[in-house]
Every structure is written in structure tokens, then in C-alpha cells.
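Right, one structure below, let's go through it.
The values are calculated or read from the model by the stated rules, or taken from the named source; none is laboratory data. None of these values were measured; they are calculated from a predicted model. Quick reminder, even Gly has a Cβ in these numbers, built from the backbone with ideal geometry, and neighbours come from all protein chains shown. Heavy atoms of the whole protein, side chains included, go into the accessibility calculation; ligands, DNA and RNA do not. Shrake-Rupley method; radii C 1.70, N 1.55, O 1.52, S 1.80 Å.
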Amino acid sequence: MKVKEIMTQDVATVGPEAPVTTVARILRKKAISGMPVVDEDGRVVGIITEVDLIARHARPHFPAYFAFLESIIYLESTKRYHESMRHILATTAGELMTSPAQTVNPEMDVQDLATFMVEERVNPVPVVDEDHRLVGIVSHTDMLHMIERAEAAEELSEDASQTGPQGDADS
């Protein structure tokens, strides 16, 4: 099965200039976990998720350091601190988004997609064409719908194989 068979094609998007409050309202009203940020040509330039919005209200992580001869020596990377400050100070989608967004092709196999989503811890994932234009999005919910349909079809198949030609059970 291919990504194009399970993806959502009617995708909510925002431009980079959209206020963060607008993004939060759209995610809540549409009950979605994230949405792509696209440019005026429909190309994906980033993605914003619920986690990005929640991170705006988290306490920043200050890296451990010690002072030595009027200098500060960090004992860990400052990347996490800078990332948390970026979230806290963001006022637009462009400032808050994760960029570049991790995207997939509509022809990708669903098993490869599942592996990608688990290993990279991404949800949702924009689906783009060869020009990087948005054609859909796939989320954990889409994957669960696919699993549910597959299991229901399997149960029907098992029921049919246990029933005789005239609908009588072969017991």
C-alpha cells in the first residue's frame, strides 16, 4: 500500500507570516496535531505541531556551566537552550516552525512510512510532489485507520473461510 492511498488530501496550512495564535486556533478547531507552513507557491517550508506550541510555555533549559577567569565554560551544548528560546519568543508561524520539514513522497510504501515516523519521531508528515509542493499529509491517525481497516478485512476473510458455501458453519 502507498502513502497516497491513506493520506489526507484536504490539508490545513498557514503561511510563514501567520500569527501563532491563529495556528493554535486552527489546530484546536480542526483537532489536528500539526500542519505544514507553505509559501505562496504551495511549497512546504516548515511544519508546526502541538509540541511546538506547548514548548512556548515550557521553562527554558539552561545549560550547565561554570565560571573560570571571568569566562563561562558550558558543560553541555547550548543548542537545547537556543531552541527553547526560539519557541518562547516566536510570534509567527515562520519563527516557530521546524524547518526544513521532514516530508515523504506519495509513492512511498506505508511500511517505510511507519518506520520513518517511529524512528524519526515525526507526526504528522507532509506529503510532497517532486517540486516540493504539498499534495497531502499523513498522521498517526491515518496509520491507525489503515490498520483498523486491514484488521476488519482480515476478520471478514476469516469469517468467510469458516462458513460453508450456504452460510452454515463447518463445525
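Rolled with a 1.4 Å probe across the full set of protein chains, the surface gives Thr141 an accessible area near 80 Å². Rolling a 1.4 Å probe over the heavy atoms of the protein chains gives region 1-140 an accessible area of 62 Å² per residue.
Between Ser71, Ala101, Thr115, the Cα set farthest toward the positive side of the dipole of the chain (charges on each charged residue's Cβ, about the Cα centre) is that of Ser71.
Tell me what the chain gives for mean residue ellipticity at 222 nm when only DSSP H runs of n ≥ 4 count, each as -39,500 (n - 2.57), the sum divided by the residue total, rounded to 500 deg cm²/dmol. Could you put the intermediate results ahead of the total?
On the way: 6 runs with 65 residues, N = 171.
That comes out to -11500 deg cm²/dmol.
Among residues other than Ala55 with Cβ under 13 Å from its Cβ, the summed charge is 0 (Lys and Arg +1, Asp and Glu -1). Evaluated over the Cα positions of region 52-137, the convex hull gives a direction-averaged projected area, one quarter of its surface, of 8.1 nm². For region 9-25, the Karplus equation 6.51 cos²θ - 1.76 cosθ + 1.60, evaluated at θ = phi - 60°, returns couplings of 8, 8, 9, 6, 9, 9, x, x, 8, 4, x, 4, 5, 5, 4, 4, 5 Hz by residue, with Gly and Pro reported as x.
In a reduced charge model with +1 at each Lys and Arg Cβ and -1 at each Asp and Glu Cβ, the chain shows a dipole moment near 1260 debye about its Cα centre.
Rounded to two decimals, what ratio of Rg to Rh does the chain give with C-alpha atoms and a Kirkwood Rh? Before the final figure, lay out each step's value.
Numbers: Rg = 22.2 Å, Rh = 18.8 Å.
On the Cα set of the chain, Rg over Rh gives 1.18.
Other residues whose C-beta falls under 15 angstrom from the C-beta of Ile32 contribute a net charge of 0, scoring Lys and Arg +1 and Asp and Glu -1. For the chain, the longest principal axis of the C-alpha atoms and the axis of helix 110-120 are separated by about 30°. Computed over protein heavy atoms with a 1.4 angstrom probe, the accessible surface ordering of Leu96, Leu75, largest first, is Leu75, Leu96. Solvent-accessible area assigned to carbon and sulfur over the chain amounts to 53 percent, based on a 1.4 Å probe. The Cα center of region 2-56 and the Cα center of region 117-141 differ in position by 11 Å.
Straight-distance candidates among the lysines for linking to Lys30, with alpha-carbon spacing under 22 Å and chain neighbours fewer than 8 residues away dropped: Lys4.
Within the shell of other residues whose beta carbon sits under 15 angstrom from the beta carbon of Thr115, the net charge comes to -2, with Lys and Arg scored +1 and Asp and Glu -1.
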